[in-house]
1. For the chain, find the longest principal axis of its Cα atoms and tell me its angle to the long axis of helix 11-23, 0 to 90°, nearest 10.
2. Given a cut-off of under 8 Å on Cα pairs at least six residues apart, what relative contact order in percent is computed for the chain?
3. Toward the positive end of the charge dipole of the range 23-102, about the Cα centre and with charges on Cβ (Lys, Arg +1; Asp, Glu -1), which of V58, S24, A74 goes farthest?
4. Pairs of Cα atoms under 8 Å, at least six residues apart: use those to get the relative contact order of the range 19-85, whole percent.
5. For a Förster distance of 25 Å, can you work out the FRET efficiency between the beta-carbons of I92 and A66, rounded to the nearest 0.05?
6. Relative to the first principal axis of the alpha-carbon coordinates of the chain, what is the inclination of helix 57-82, with its axis defined by its Cα atoms, in degrees from 0 to 90 and to the nearest 10?
7. What does the charge count near I112 come to, summing +1 for each Lys or Arg and -1 for each Asp or Glu among other residues with Cβ under 11 Å from its Cβ?
8. For the range 42-127, what does the relative contact order come out to in percent, with C-alpha contacts under 8 Å and a separation of six or more?
Amino acid sequence: MKCSYYLSPTLADTSKIAEDLHKSGVSNWFIHIVSKDEAGLHHLRRHSSNYLETLDMVRDGLIGAAVGLGIGAAFYALVASLQPMGSTLPWIAYAAAIAVPMGFGAWLGGLIGISNENRKLRPFHNALEANKYLILVYANKREESKVHAMMGRLHPEATLVGLDPHFYNPFTEPRLV
């Protein structure tokens with residue numbers, strides 16, 4: 001799925017855009033709105049973005065897991081070469097020597113990610129601070145052109161500001177328009 005980023009100036013415009021997207025066949029599950037005005041979105045029953053979209057928890061958790069894997073592999077190599085408890089150490093001990101640091105790294109990375117804004121949203125940070133609404137529209141390739149055409153025709157107030165062909169990959173950056 002691709003993600004299109006539209007910037008909308010007001011809550012009323014954002015709500016109308018969500019209605020029109022829904023009428024054009026886009027499910028509510030594929031329309032998420034990033035905003036500082038969570039109460040307004042909830043009042044109008046609009047899907048606000050979730051923590052996976054707004055925080056860097058997944059990306060930093062994966063980085064932490066990779067660092068933990070490296071530390072675990074180094075510890076495994078050290079234990080395997082020195083054999084401090086003899087050569088009768090069971091395989092589960094070696095597996096734990098890798099899994100425990102990897103799990104700890106993922107946990108610690110996730111905690112760090114909770115305190116950071118998602119890197120994909122950083123280009124739009126100033127607009128969100130200025131009380132604008134960022135609409136994330138997820139669509140497959142055949143629906144994407146229909147969404148862009150409808151938005152251009154019915155909602156000139158909303159600006160297409162970015163496209164992300166791999167939104168689910170936390171290491172990609174959106175292409176700014």
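Any read-out appearing in this document is the output of simple, stated calculations on the displayed coordinates, not a laboratory observation. Computed from a prediction, not measured in an experiment: that's the story for all the values here. As a convention, Cβ positions derive from the backbone with ideal geometry for all residues, glycine included, and neighbour counts pool all protein chains shown.
1. 80
2. In percent, rounded to a whole number, it is 42.
3. S24
4. RCO, the range 19-85: 19 percent.
5. E between I92 and A66, to the nearest 0.05, is 0.65.
6. Helix 57-82 sits at roughly 10 degrees to that axis.
7. Neighbourhood net charge equals -1.
8. The normalised contact order for the range 42-127 reaches 50 percent.
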